[in-house]
Amino acid sequence: MNCNSTLLLFGATGDLARRMLLPSLYALFSDGLIADDLRIFGTARSMLNDEEYRKIVHDALIEFLPEDRKEEGLIESFLDHIFYQPLDASTIEGFAELADKIGDISGGLSIFLSTAPFLFEPTIKGLQSAGLAEANVRIGLEKPLGNDLESSKIINDAVNRVFSEEQTFRIDHYLGKETVQNLMALRFANILFEPLWNAQAIEHVQITISETVGLEGRAGFYDGTGALRDMLQNHMLQLLALIAMEPPASLDAAAIRDEKVKVLRSLRPVSEDDIVIGQYGAGAVSETLVKSYTDDLGDESTTETYVALKTYVDNWRWQGVPFYLRTGKRLSERRSEIVIQFREVPHNIFKDRGSKLESNRLIIRLQPEEYVRLLVMSKEPGLDRGKTILREVPLDLSLTQAFAGARRRIAYERLLMDLIDGDQTLFVRRDEVEAQWKWVDNIRDTIQKSTIMPKIYNSGGWGPSTAIALTERDGATWHE
Ligand code: BG6
């Protein structure tokens, strides 16, 4: 690996930088995980000097760091690494000054670009014109990278004209989550699961990302995006790919991404009957009254804040196994979870003893709690004559307890470190993104050509009731 000694953050005064990026960089710095000589340059439109920007960074750290991580002395030394240069990225002029300010990049430069889609192209051109796109420069790209296949191709073409794929790091912050990486450990570091990880033993798979939050002041972005593009196209599909992929030959970035893209390309187009979209109405989330989406927005809208659907991975391993996916805002609780529902045993020897068997179920809870729970049938203790009572009991692995001493890092700590170190394993390759868009565009097309409209659901529930029918008609039940 080849660590870069300079980092350049676009959108340096924005919400993502203040909430996530700067606290993550500080956490890496305070744990000695980034080089002592790393220089961090922020850039945005605001006319600030270094000192004024350091004050913004300081305030962001005080606001967003956990109490036990705030150490004034360390924060002060961290601020010594921070510099700022104002820039209007829509014109090429300011880039030369930016390059002057950054100075020597012979130690390599990592760029983190989170910007409005229309600024991608001018920014890339500006970087190139100022000599900030040489072979020792890496670029991390935060979503939204377009809003359909075509616009994503335009952005990716603009990027790839200047940066090779090896220099391009497309971010999906779910891949930076520890528990998401643990999916691979669970599947490929244990002999137990893999022989059963297929259509012979698995009846269906559920993936849920439910959120309690609503619009959160992001009306401008969200209303033009919706749940399909905001969550399904990226985070949900990456989870699906990790669950469904073949074992890669190694942990190497290419090996893993090769396997993921095969899954993404095998996704069956979703039929009209298998899609439910919804929009939150008023209701109560965690006993707090909340407004409807249109009231939050202050306008009429048909944007979906919820989607549930059924799809299939059309390959040998998964033939005939439904994958039920759902995600939504203002739902009952915050939860990211994967449920693997196994099939029934072929023959129930307990039937004549009055016992009904539940099929095994593996629940992988990614957040907020972190656990793996296997539901297994077990005999209730007792001297019952003629009758055997069996009950489903959980075999619980709490990762929170098993790794109680380990610091939980937020996704961006991992991703920023990998960007600086040049490790692409947890970043999304262009062919993956394009396969994801192709599948999602097809769903949007199906919706547009149909009579499907978002169903209004009460905030604080589990979404529109039609989503229940989506699974129940196959004899399956959402795990709630
Ligand atoms: C983002 C979406 O990518 O992921 C947000 O734009 C969503 O709408 C967020 O709230 C969820 O991320 P997390 O890490 O809180 O599950």
Arrange Ile124, Ile154, Ile62 by Cβ neighbour counts within 10 Å, fewest through most, would you?
Ile62, Ile154, Ile124
Name the residue farthest towards the positive end of the dipole of segment 215-323 from the options Ala219, Ala255, Val313, assuming +1 on Cβ of Lys and Arg, -1 on Cβ of Asp and Glu, about the Cα centre.
Ala255
Distance between the C-alpha centers of segment 145-192 and segment 297-329? Whole Å please.
20 Å
Treating cross-link reach as a plain straight distance, find the lysines whose alpha-carbon is under 17 Å from the alpha-carbon of Lys125, omitting any fewer than eight places away in the same chain.
Lys153
Set Lys and Arg Cβ to +1 and Asp and Glu Cβ to -1, take the dipole of the chain about its Cα centre, and tell me which of Leu87, Val162, Gly73 lies farthest positive.
Val162
Neighbour-count ranking for Asp396, Asp88 (other C-beta within 10 angstrom, fewest to most) reads Asp396, Asp88
Measure nothing fancy, just the Cα-based angle from helix 149-162's long axis to the longest principal axis of the chain, in degrees from 0 to 90, nearest 10.
40 degrees
If you take every residue apart from Val307 with its C-beta less than 12 Å away from the C-beta of Val307, what net charge results, scoring Lys and Arg +1 and Asp and Glu -1?
+3
Would you give the gap between the C-alpha center of segment 8-46 and the C-alpha center of segment 412-480, rounded to a whole Å?
29 Å
Output wanted: per-residue J couplings in Hz (rounded whole) for segment 183-189, from phi through Karplus 6.51 cos²θ - 1.76 cosθ + 1.60, θ = phi - 60°, x for Gly and Pro.
4, 6, 4, 4, 6, 10, 10
Residues meeting the amide H criterion for Arg170 (H placed from the backbone, H to H distance under 5 Å, 5 or more places apart or on another chain) are Leu141, Val428
With a 10 Å radius around each residue's Cβ, average the other Cβ atoms per peptide and rank 177-189, 327-339, 458-470, highest first.
327-339, 458-470, 177-189
Inter-centroid distance (Cα atoms) of segment 350-400 relative to segment 91-122, Å
56 Å
Overall Cα dimensions of segment 1-113, principal axis frame, Å, largest first
43, 32, 21
Note, Asp37: beta-carbon cut-off 13 Å, +1 each Lys/Arg, -1 each Asp/Glu, net -2
Taking the 0 to 90 degree range and rounding to the nearest ten, how far is the long axis of helix 50-64 tilted relative to the main principal axis of the chain, both from C-alpha atoms?
20 degrees
At q = 0.06, 0.09 Å⁻¹, what log₁₀ I(q)/I(0) does the chain have when each alpha carbon counts as one equal point scatterer in the Debye sum?
-0.30, -0.67
Can you show me the helix-derived [θ] at 222 nm for the chain, built from DSSP H runs with n ≥ 4 at -39,500 (n - 2.57) apiece and divided by the number of residues, rounded to the nearest 500.
-9000 deg cm²/dmol
May I ask which residue of Thr425, Tyr412, Ser24 lies farthest towards the positive end of the charge dipole of the chain, with charges of +1 (Lys, Arg) and -1 (Asp, Glu) on Cβ and the Cα centre as origin?
Thr425
Note: Glu71 to Ile92 extended length (0.36 nm per residue) minus current alpha-carbon separation gives 3.6 nm
Nearest 10, in degrees from 0 to 90: the angle of helix 120-129 to the longest Cα principal axis of the chain is 40 degrees
Which order results if Asp423, Asp37 are arranged by neighbouring Cβ count within 10 Å, fewest first?
Asp37, Asp423
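Any read-out appearing in this document is the output of simple, stated calculations on the displayed coordinates, not a laboratory observation. Nothing here was measured: the structure is a model prediction, and the numbers come from that model. When we count neighbours, we look across all protein chains shown, and the Cβ atoms used for this are built from the backbone with ideal geometry, even at glycine.
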